[in-house]
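The values are calculated or read from the model by the stated rules, or taken from the named source; none is laboratory data. Just so you know, these numbers come straight off a predicted model, no measurement behind them. Please note: Cβ atoms are built from the backbone with ideal geometry, for glycine as well, and neighbour counts cover all protein chains shown. Side chains included, ligands, DNA and RNA excluded: accessible areas come from the protein's heavy atoms. Shrake-Rupley method; radii C 1.70, N 1.55, O 1.52, S 1.80 Å.
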Amino acid sequence: MDPKLTEVSQQFERFKAAFIRNDFDTCERLLSQLKVSLTQFRSLPPLFEDTPDATHELTLASNLVDFIYQIHRDIYEHAVVLSVKIEDQEAFERDFFQLKPYYTDARGRLPPSAQEYPILGLNLLRLLVQNRIAEFHTELELLSATALENLCIKHAVELEQSFMEGAYNRVLSARQTVPHETYVYFMDLLAKTVRDEIAGCSEKAYDSLSINDARRILLFPSDQELFEYIKEDHPEWEIKNGYVIFQRAKESAPCKEIPSLQLINQALSYARELERIV
C-alpha cells in the first residue's frame, strides 16, 4: 500500500479510538492532521483530477470498494458527528460541505453509507434552528424520493411544518422521538428558538401574565424552569405578586390616537377623484 495511504489509515484509527473514548481534544488535533493529509490526494473530491496515480488510488483495496474514497468519507462523517458532540455549529457547516461531494459526486464509486441520511437530516435540522428556511427548502429539493422517505429526513420535514404552523407543542414533544442520538443537541437549540419566538410575541401582546399562564404559554413543565429561563434570557422581565411583568409594559409610552375620521375623509376624497377620472 502507498505509504501516504498507510499514514492516513493509521491516523484515522487513532482518531476513531479517541472518538470512542470521548477524548474530543485528541479528536480535534488528529482531525486537523487528517484534513491536511487528505489534500495530498488530488484525484479525490472536490478536484477529481486525473493524476498519474489516480487509478492506483481508486483501486487499492479490492474490487468491492474504492478504499481511498471510503476512508475519506468516513473521516468527514466522524468530523460532522464530532462537531455536534463539541457543540460547534461552524465546524459542522465546514465539515458537512467537505463531506457532501462524497454523497453526490462520488455516489457511483462507493457503497451507501449508513450515516448518510442521519447526517443529511442533521444538516436540515441545523438550517431550521438557524431559521435559514430558504436554504432548508433548497437542500430538500436536492434529495431523492428515496431520501425523503427516510425517517431522519421526514423528522426534519415534519418539524419544519410544525414550526411554520405555529404548532410549537409538537416541535417540543418531537425531542422525545428523535431518530438518532446526535439530534438531541439541535433539538435543544430548536426548543430555545421556539420559546424565544413565543416570548417575543407574548411581551408584545400582554402587559403581564400570571406565572401559571406564562409557564403554560412558554411550554415549561415547572415554575422553576420558567424562572431560570427568565433569569438567563429575559432579565428585564419582573416577577411580582404571582405575575410576570414584561418590560414593554413598564416602558411603553402613551399611545397616540389614530385620526380615523381624517383617514376616512381622505379615502372618500380619493374615491371621488378616481370616479371623475374614469
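Laid out as a table, the results:
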read-out: Loop-located chymotrypsin sites (Phe, Trp or Tyr not before Pro) in region 80-128 whose Cβ has at most 14 other Cβ within 10 Å (DSSP); value: none
read-out: For ILE71, solvent-accessible area (1.4 Å; no DNA, RNA or ligand), Å²; value: 10 Å²
read-out: Cα-based radius of gyration of region 123-278 once divided by 2.2 N^0.38 Å, which approximates compact folds; value: 1.50
read-out: Rule-of-thumb Rg ratio for region 72-134 [Cα; 2.2 N^0.38 Å; N residues]; value: 1.10
read-out: Neighbourhood net charge (13 Å Cβ-Cβ; Lys/Arg +1, Asp/Glu -1) for LYS35; value: 0
read-out: Mean shadow area of region 112-194, taken as a quarter of the surface of its Cα convex hull (nm²); value: 5.0 nm²
